[in-house]
């Protein structure tokens with residue numbers, strides 16, 4: 001019996017650690033002075049009004065086409081290139097960054113570890129009871145106890161996660177209001193992702209799985225947007241230009257030139273369009289066209 005319980009405990013411990021180590025898989029960072037400067041420009045006002053020392057907050061760019069952003073290792077925000085490319089404007093990126101800043105200022109990372117430990121404890125207790133029942137010859141009952149315990153632990157953690165997300169939403173709204181920026185971008189981006197909740201997990205972007213959206217959350221943000229005067233604030237021209245150039249640069253360097261030309265055809269005479277085509281021609285070693 002002790003052998004059975006020991007094996008089951010090891011199994012559960014491995015499973016319970018997955019939420020913590022999911023973000024710890026091998027990831028590739030990209031460094032680009034111009035893009036990093038743009039992200040810092042977006043973030044400094046957010047960090048300051050949230051009571052954080054801007055120079056202490058680190059923002060890392062992750063080379064990953066999936067739409068995702070997360071906080072880890074203290075005051076570090078990780079933004080996937082997929083999220084930046086999927087954003088329609090600077091306001092959407094700023095909305096996501098404000099949300100992640102809310103997680104940092106709220107101390108959510110440390111509390112998440114506590115919640116995971118509590119969930120693991122519940123699951124382990126169910127395993128011990130279930131293993132005891134199985135050893136006593138009540139295999140079906142033991143399996144039911146184990147499955148039920150893991151389900152309860154999972155629901156407990158997800159409930160806590162939803163509470164954290166709502167808290168970070170409220171913090172983001174407050175941050176955007178204090179910096180006189182619109183929350184419309186945050187709302188638009190979350191609505192875009194909210195449509196994926198009905199998809200199978202394998203088809204969802206990671207942001208949905210790590211930041212569970214609910215209709216109530218989106219409705220709360222929508223109500224705040226309607227009631228806040230700063231929601232009508234236009235984007236700063238510098239932010240518009242910076243975002244379009246950042247997005248064009250990422251697409252040109254990360255996509256195949258053919259896809260870049262399709263995204264930015266010759267008819268696109270904008271600075272971002274010409275910049276993207278120049279990089280694409282350079283990748284094709286067509287130096288004259290790149291100039």
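The values are calculated or read from the model by the stated rules, or taken from the named source; none is laboratory data. Given the structure is predicted, the values throughout are model-derived calculations rather than measurements. Ideal geometry is used to build each Cβ from the backbone, glycine not excepted, and the neighbour counts take in all protein chains shown.
Can we say residue 238 is at pLDDT 90 or above and more than 20 Å from residue 95 (Cβ to Cβ)?
Numbers: at pLDDT 90 or above: yes; more than 20 Å from residue 95 (Cβ to Cβ): no.
Considered against the rule, which asks whether it is at pLDDT 90 or above and more than 20 Å from residue 95 (Cβ to Cβ), residue 238 comes out as no.
I need a count of the residues in the range 234-291 that are part of a helix (DSSP H, G or I), surrounded by 15 or more Cβ atoms within 10 Å (Cβ to Cβ) and touching a residue at least 40 places away in the same chain (Cβ under 8 Å).
So the answer is 10.
Quick one: count up the residues across the range 200-233 that are part of a helix (DSSP H, G or I), over 17 Å from the mean Cα position of the chain (by Cα) and either at pLDDT below 75 or buried (at least 17 other Cβ atoms within 10 Å of the Cβ) (or both).
From the range 200-233, those part of a helix (DSSP H, G or I) are 201-203, 206-210, 215-227, 229-232; that's our starting set.
Subsequent filtering for residues that are over 17 Å from the mean Cα position of the chain (by Cα) retains 215-216, 219-227, 229-232.
Then keep just the ones that are either at pLDDT below 75 or buried (at least 17 other Cβ atoms within 10 Å of the Cβ) (or both); that gives 215, 221, 224-225, 231.
Summing the residues that are part of a helix (DSSP H, G or I), over 17 Å from the mean Cα position of the chain (by Cα) and either at pLDDT below 75 or buried (at least 17 other Cβ atoms within 10 Å of the Cβ) (or both) in the range 200-233 gives 5.
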